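Below is one structure; the comments refer to it alone.
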Amino acid sequence: MEALAGLLRIRVKKGINLARRDSLSSDPFVVITMGTQKLKGRTVENNCNPEWNEELTLAIKHPNEPVILVVYDKDTFTSHDKMGDAQIDIKPFLEVHKLGLQELPDGTVIKRVLPTKENCLAEESRIVYHNGKIVQDMILVLRNVECGEVEIQLEWIEIPGGIGL
């Protein structure tokens, strides 16, 4: 069994202006992969601005493995249509966790991450100390599609006896 560094909770909040894949709308759901792990979110029917508000948790064994988010349109009788994808850059978030910061004033901005061609960010993302935890909110621009963004939040979960980062 491989040693775990910890768990990464990804709150998939909502989709923004997602592409239409059916005649009037789409039935979007999210799939997040990291290595061999694959997590699927719930489908929101007939909505190009879905509010998922769900948590998907990855076990982090190899922190350098890419985390990929893909949005699909659910189809009943044919294969699901891809509605875009984004790579979630977790490196800045994990680097902040290595610092071991604790007991900061609520709302303290620890790091700002600017959008680049590589990180899929729509706008500046802030890593913040909030309610006793370090979190990162981000809006991802979907690639390989005409339009669409997904809003997510990252949160690290320590595992007692885990190897850490």
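The values are calculated or read from the model by the stated rules, or taken from the named source; none is laboratory data. Nothing here was measured: the structure is a model prediction, and the numbers come from that model. Note that we place each Cβ from the backbone using ideal geometry, even for glycine, and neighbour counts take in every protein chain shown. Only protein heavy atoms, including side chains, enter the accessible area calculation; ligands, DNA and RNA are left aside. Shrake-Rupley method; radii C 1.70, N 1.55, O 1.52, S 1.80 Å.
Which part of the range 127-159 falls in the paramagnetic zone of I68, meaning amide N under 16 Å from the point 7 Å along Cα-to-beta-carbon?
Output list for this probe position: 142-145.
From Cα pairs below 8 angstrom and at least 6 apart in sequence, can you work out the relative contact order of the range 72-165, rounded to a whole percent?
23
What list of ³J(HN,Hα) values in whole Hz, one per residue of the range 71-87 in order, does the Karplus curve 6.51 cos²θ - 1.76 cosθ + 1.60 (θ = phi - 60°) give from phi, with Gly and Pro shown as x?
So the J values, rounded to whole Hz, are 9, 10, 9, 6, 10, 7, 9, 10, 5, 5, 8, 6, 10, x, 9, 8, 8.
For I159 and L101, calculate 0.36 nm times their separation in residues minus their Cα-Cα distance, and state this gained length in nm to one decimal.
Gain on extension, I159 to L101, equals 19.2 nm.
Taking only protein heavy atoms into account and a 1.4 Å probe, give the accessible area per residue of the chain in Å².
That works out to 54 Å² for each residue.
Pairs K14/K98; K40/K111; K40/K98; K82/K111; K38/K111; K13/K91: which are spaced more than 25 Å apart, C-alpha to C-alpha?
Distance filter (> 25 Å) returns K14/K98; K40/K111; K40/K98; K82/K111; K38/K111.
Assign one of three labels to the range 109-165, namely rounded, prolate or oblate, based on the Cα gyration tensor with a ≥ b ≥ c the square roots of its eigenvalues; rounded applies when a/c is under 1.5, prolate when it is not and a/b is larger than b/c, and oblate otherwise.
prolate
Using only the alpha carbons, work out the radius of gyration and Dmax of the range 57-97 in angstrom.
Answer for the range 57-97, Rg first and Dmax second: 14.3, 45 Å.
Loop-only chymotrypsin sites (Phe, Trp or Tyr not before Pro) in the range 19-127, please: DSSP not H, G, I, E or B, and at most 15 other Cβ atoms within 10 Å.
F77
If you average the sequence gap of Cα pairs under 8 Å that are 6 or more apart and divide by the length of the range 111-165, what percent do you get for the contact order?
Reported as a whole number, the value is 24 percent.
Using a Förster distance of 41 Å, how high is the FRET efficiency between H130 and T76, based on the Cβ-Cβ distance and rounded to 0.05?
0.55
Translational diffusion coefficient of the chain at 37 °C, 0.692 mPa s, Stokes-Einstein with Kirkwood Rh over Cα pairs, in µm²/s as a whole number.
Answer from the Stokes-Einstein relation: 198 µm²/s.
Can you give me the % of accessible surface on the chain that is carbon or sulfur? Probe 1.4 Å, all protein chains present, nothing else counted.
Looking at the chain in its full context, I get 48 percent from C and S.
Quick one: net charge around K40, please, counting Lys, Arg +1 and Asp, Glu -1 for every other residue with C-beta under 12 Å from its C-beta.
+2
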